[in-house]
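J.: Following this message is one structure expressed as structure tokens.
The values are calculated or read from the model by the stated rules, or taken from the named source; none is laboratory data. None of these values were measured; they are calculated from a predicted model. Every residue, glycine among them, receives a Cβ derived from its backbone with ideal geometry; neighbour counts consider all protein chains shown.
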């Protein structure tokens, strides 16, 4: 079937798709698999469909999307995965999709969008995540979405404590999209003030850049930061709070600490503004 352009096998009872099903369909443009009983798709299922433009997988029983599931589908323009039972999307599930403009994931069972889920999608215009059970979008979950103009997040109960800070920061820089996102108490995320995000629920606590949540003596939860990171949520860099005089502050790649380099001499730890190691 090397010259086949369209395959329509919707409205059947298909449960599994063997990896070599579309092995010889190199010129396939449209593939319609919706309204079946498909439970999973593997990394190799669509790997040969480099010319595919449209893929419909909605109204199935898919439970998870693994990393690199859609790799090599460089011409894919529209991907519909809504109305499934997807509870997990692994990191880099949608990598190497430079032409993708429309991605539909609404009405699934997602609770968390993990880091590096939607990255390197330079053409993505519309992303629909509404009607899930999303409470958290992790730091770095959204990246390089330079053309994103429509982000639908309605009907998701976001936890609006300190754990939402990275997503909130990302959202307020893009005021024209994501306006439907609400906290579990009904407040619009876009309307929150930074002071409202100071508290960390022990059950939802999240520290960033490798920091860990630990209990403090007064019954609260605080972040234990590592390396160069500091601040309440490990979001501040020592290279912005320390001073190297006439030298340069940089982050040592092995142990992650902030150091001074002075005219290519031996680096030393950033000491604070009262000293100038580079005189």
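J.: Select from the range 199-219 the residues that are surrounded by fewer than 12 Cβ atoms within 10 Å (Cβ to Cβ) and part of a loop (DSSP other than H, G, I, E, B) and write down the one among them that is modelled with the lowest pLDDT.
T.: Within the range 199-219, the match that is modelled with the lowest pLDDT is 219.
J.: Between a residue in the range 20-40 that is on the phi > 0 side of the Ramachandran plot and any residue that is surrounded by 14 or more Cβ atoms within 10 Å (Cβ to Cβ), which pairs come within a Cβ distance under 8 Å, given they are 6 or more apart or on different chains?
T.: Here the result reads 35/10; 35/58; 35/59; 35/60, each pair linking the range 20-40 to a residue that is surrounded by 14 or more Cβ atoms within 10 Å (Cβ to Cβ).
J.: Does the range 3-12 include one or more residues that are touching a strand residue (DSSP E or B) at 6+ places or on another chain (Cβ under 6 Å) and part of a loop (DSSP other than H, G, I, E, B)?
T.: Yes, the range 3-12 has at least one match.
J.: Just the residues that are at pLDDT 90 or above and buried (at least 17 other Cβ atoms within 10 Å of the Cβ), please, taken from the range 172-189.
T.: If the condition is that a residue be at pLDDT 90 or above and buried (at least 17 other Cβ atoms within 10 Å of the Cβ), then 181, 182, 183, 189 are the ones that fit.
J.: Sticking with this one: Determine which single condition residue 170 fails, assuming it passes every other condition in (1) in contact (Cβ under 8 Å) with a residue 24 or more places away in the chain; (2) touching a strand residue (DSSP E or B) at 6+ places or on another chain (Cβ under 8 Å); (3) not in a helix (DSSP H, G or I).
T.: (3)
J.: Out of the residues in the range 126-137 that are out of contact with any helix residue (DSSP H, G or I) (no Cβ under 7 Å at 6 or more places or on another chain) and either over 22 Å from residue 77 (Cβ atoms) or assigned to a strand (DSSP E or B) (or both), which is modelled with the lowest pLDDT?
T.: This residue is 135.
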